[in-house]
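The values are calculated or read from the model by the stated rules, or taken from the named source; none is laboratory data. All values derive from a computational prediction rather than experimental measurement. For neighbour counting, all protein chains shown are included, and Cβ atoms are generated from backbone atoms with ideal geometry for every residue, glycine included. Just the protein is used for accessible areas: all its heavy atoms, side chains included, with ligands, DNA and RNA removed. Shrake-Rupley method; radii C 1.70, N 1.55, O 1.52, S 1.80 Å.
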Amino acid sequence: MPKDVTPPRTRMPRLRKPEATDGAEIWGLVRNCKPLDENSMYCNIVQAEHFRDTCVVAEMDGEIVGWISGHMIPNQNAFFVWQVAVSPKARGLGLGRKMLHHLVEREECDEATCLKTTITRDNDASWGLFRSFARMIGGDLSDEPHYIRDEHFDGKHATEHMVTIEFPEELAKAA
């Protein structure tokens with residue numbers, strides 16, 4: 001192989017539930033994945049501990065290269081994705097989609113009949129990920145303004161659109 005040709009990446013990061021001790025590394029990953037909103041390191045520690053069953057980290061060579069935080073919405077059969085982060089080191093592997101699929105297949109998400117997340121209109125990467133995920137599972141994607149710039153963010157943040165992906169019958173496991 002010529003020296004100036006990079007061999008293709010064939011390894012897929014290992015997906016696992018996070019631990020509280022992963023919080024600082026998760027925080028660092030999120031900080032390096034602009035334009036994601038940075039939460040406090042403490043928030044990421046709590047997410048990794050209290051919501052570990054509905055969150056996932058992707059690890060490659062001992063380093064966290066992917067993270068999704070999520071939770072089941074109380075009193076709804078909906079899984080909410082708060083944040084998706086993929087390190088530049090792991091981009092191009094379809095990792096975001098694989099992590100989403102991994103999460104919705106977990107027992108803790110058995111009651112979910114849909115996935116929800118919020119995305120600003122200008123976040124092309126997130127729109128691409130969730131549209132791709134919806135196509136992959138055969139789900140229907142819809143969206144509507146939810147957290148409004150002037151009503152919720154005092155004019156300091158773009159409107160967040162609630163994106164809903166209805167799961168196809170074979171994926172929806174609710175009774």
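Filter the range 117-136 down to residues that are surrounded by fewer than 19 Cβ atoms within 10 Å (Cβ to Cβ) and either among the polar types (S, T, N, Q) or under 18 Å from Gln76 (Cα atoms) (or both) and give me whichever is nearest to the chain's Cα centre (by Cα).
Thr118
Can you pull out the residues in the range 65-96 that are more than 14 Å from the chain's Cα centre (by Cα) and of a type in the set (A, V, I, L, M)?
If the condition is that a residue be more than 14 Å from the chain's Cα centre (by Cα) and of a type in the set (A, V, I, L, M), then Ile73, Ala78, Ala90, Leu93 are the ones that fit.
Return the residues of the range 161-175 that are modelled with pLDDT under 90 and either surrounded by 15 or more Cβ atoms within 10 Å (Cβ to Cβ) or of a type in the set (A, V, I, L, M, F, W, C) (or both); say none if nothing qualifies. Break it down stepwise before answering.
Pass one, the range 161-175, residues modelled with pLDDT under 90: 169-175.
Scanning the range 161-175 gives Leu171, Ala172, Lys173, Ala174, Ala175.
Just the residues that are part of a helix (DSSP H, G or I) and among the aliphatic types (A, V, I, L, M), please, taken from the range 75-128.
Within the range 75-128, the subset part of a helix (DSSP H, G or I) is 88-90, 95-104, 107-109, 124-128.
Answer for the range 75-128, where residues must be part of a helix (DSSP H, G or I) and among the aliphatic types (A, V, I, L, M): Ala90, Leu95, Met99, Leu100, Leu103, Val104, Ala125.
Would you check if there is a residue in the range 65-73 being more than 23 Å from Phe167 (Cα to Cα) and surrounded by 15 or more Cβ atoms within 10 Å (Cβ to Cβ)? Explain how you work it out, then say what you get.
Initial filter on the range 65-73 (more than 23 Å from Phe167 (Cα to Cα)): 65-66.
If we keep only those that are surrounded by 15 or more Cβ atoms within 10 Å (Cβ to Cβ) too, we end up with 65-66.
Yes.
How many residues does the range 16-58 contain that are open to solvent by less than 50 Å² (accessible area, probe 1.4 Å), modelled with pLDDT of 90 or more and under 14 Å from the mean Cα position of the chain (by Cα)?
14
Any residue in the range 137-145 that is in a helix (DSSP H, G or I), more than 15 Å from the chain's Cα centre (by Cα) and modelled with pLDDT of 95 or more?
Let us first name the residues in the range 137-145 that are in a helix (DSSP H, G or I), namely 137.
Applying the additional criterion that residues be more than 15 Å from the chain's Cα centre (by Cα) yields 137.
In the following step, the residues that additionally are modelled with pLDDT of 95 or more were identified as 137.
Looking through the range 137-145, at least one residue is in a helix (DSSP H, G or I), more than 15 Å from the chain's Cα centre (by Cα) and modelled with pLDDT of 95 or more.
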